[in-house]
Structure formats: structure tokens, C-alpha cells
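The structure appears below as C-alpha cells.
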Amino acid sequence: MKVTVDPDLCYGSGDCVYRAPHVFTTVDGFGAVIPGREETSDDPTVREAAEGCPSQAITLTT
Ligand code: SF4
């Protein structure tokens, strides 16, 4: 599963970092995937982060 964050949609709520800090971080106040963590197994916390993103900026592709 590949994880991406659309920087044009993200407004920096930080929810993704709270839910899955092993995959997400903030850069200059906006959500981002930690370098090297773009590919992840089917991880429920990452799915929760994507579903819980208030701006739907997180995309999961298989
Ligand atoms: S949850 Fe969504 S809006 Fe909030 S920081 Fe993460 S990607 Fe950005």
C-alpha cells in the first residue's frame, strides 16, 4: 500500500500524525509522509488516518 499526502489539500490539522506517527510527520506545519515510509503494509492506523483526515488529503493506493 502506498501512502501520499496532497499538500494542496492538507491544512495542517495534525490528525494523521496523532493517529499514525510512525508514518506521518509535519513539515513546516503541514502533514507529510515520513521519507521511506511511503510503502506500508495494510495498517489499520494508516487507514484511520486517511479516513479521519478532515480535508481528505491522504490517498492510499494498492
Ligand atoms: S490529517 Fe490531513 S489535513 Fe491534517 S495534517 Fe494530516 S494530511 Fe493534513
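The values are calculated or read from the model by the stated rules, or taken from the named source; none is laboratory data. This structure is a prediction, so every number in the text was calculated from the model and none was measured. Cβ: placed from backbone, ideal geometry, glycine included. Neighbour counts: every protein chain shown. Side chains included, ligands, DNA and RNA excluded: accessible areas come from the protein's heavy atoms. Shrake-Rupley method; radii C 1.70, N 1.55, O 1.52, S 1.80 Å.
Just grab the label-to-label distance for Glu51 and Thr26, each label 7 Å out from Cα along the Cβ direction, in nm (one decimal).
Going from the Glu51 label point to the Thr26 one covers 2.5 nm.
Ignoring ligands, DNA and RNA, please state the percent of accessible area on the chain from carbon and sulfur, probe 1.4 Å.
Numbers: 1940 of 3860 Å².
Within the chain, the accessible surface is 50 percent carbon and sulfur.
If you take every residue apart from Pro54 with its C-beta less than 14 Å away from the C-beta of Pro54, what net charge results, scoring Lys and Arg +1 and Asp and Glu -1? Please report the intermediate quantities before stating the final value.
Values: positive: Arg19; negative: Asp6, Asp15, Glu48, Glu51.
Net charge in that neighbourhood comes out at -3.
Per residue and in cubic angstrom, what volume does the convex hull of the Cα atoms of the chain have?
67 Å³
With a 1.4 Å probe and all protein chains left in place, how much accessible area per residue does the stretch 2-61 have, in Å²?
Values: 3660 Å² over 60 residues.
Value for the stretch 2-61: 61 Å² per residue.
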